[in-house]
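First up is the structure itself, then whatever we jot down about it.
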Amino acid sequence: MSTIENEPRRPKYQELLAAYERARECYERDPSQRSLAVLETSLAILVRELQRPGKFDLGQMVMTPGADLAMRTARQVPLEFLLRHKYGDRGELPPEDVRENEWSLQNGARLFSAYRTRTDEKLWVITEWDRSVTTLLLSEEY
């Protein structure tokens, strides 16, 4: 008989992001069919994780052209930032903005997070609950 103690623990989103990063690095070192398959599988796992419940619903997700270019240049995918945002990792926000986000989470107001790409471009992820949309944009576009 299976008990909760004997059931495998579902990995945390941070562990999934770390596994994706390892798969990406492996593919960059060795762009073989096998490493590509591992990378694609890892990406599919991130997509599934994004569909699970988090601290809030992201709604429709959109991305500006500047954010798209910044992520392509840094060889990153939107999921890396959207998962962090969805689970409450606000990135580079000062304490007062983190407190405002906590209030917003309780009151259905705008949530935002700030992150840096590998190439040091600043990205914002903003969820507007009244429009049920999350936007990923480059700092200069904000």
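The values are calculated or read from the model by the stated rules, or taken from the named source; none is laboratory data. This structure is a prediction, so every number in the text was calculated from the model and none was measured. All Cβ positions, even for glycine, are placed from backbone atoms using ideal geometry, and neighbour counts span all protein chains on display.
For this structure, a couple of remarks:
Residue-wise test of (1) part of a strand (DSSP E or B); (2) among the charged types (D, E, K, R); (3) touching a strand residue (DSSP E or B) at 6+ places or on another chain (Cβ under 6 Å); (4) in the same structural domain as MET61 (by TED's automatic domain parsing).
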| residue | (1), (2), (3), (4) |
| --- | --- |
| TRP103 | no, no, no, yes |
| GLN106 | no, no, no, yes |
| SER113 | yes, no, yes, yes |
| THR119 | no, no, no, yes |
| VAL125 | yes, no, yes, yes |
| ASP130 | no, yes, no, yes |
| THR134 | yes, no, yes, yes |
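- Conditions (1) in a helix (DSSP H, G or I); (2) surrounded by fewer than 17 Cβ atoms within 10 Å (Cβ to Cβ); (3) without any contact (Cβ under 8 Å) to a residue 40 or more places away in the chain: number failed by SER42: (2)
- Some residue of the range 33-43 being within 15 Å of the chain's Cα centre (by Cα) and either modelled with pLDDT of 95 or more or not hydroxyl-bearing (Ser, Thr, Tyr) (or both): yes
- Number of the exception - LEU83 against (1) assigned by TED's automatic domain parsing to the domain that holds SER132; (2) loosely packed, with under 13 Cβ neighbours inside 10 Å; (3) in contact (Cβ under 8 Å) with a residue 40 or more places away in the chain: (2)
- Pairs with Cβ under 7 Å, 6+ apart, first in the range 114-130 and more than 12 Å from PHE56 (Cβ to Cβ) and free of Cβ contacts under 8 Å to residues at least 60 places away in the same chain, second surrounded by fewer than 19 Cβ atoms within 10 Å (Cβ to Cβ) and of a type in the set (S, T, N, Q): THR119/THR73; LYS122/SER139; LEU123/SER139; TRP124/SER139
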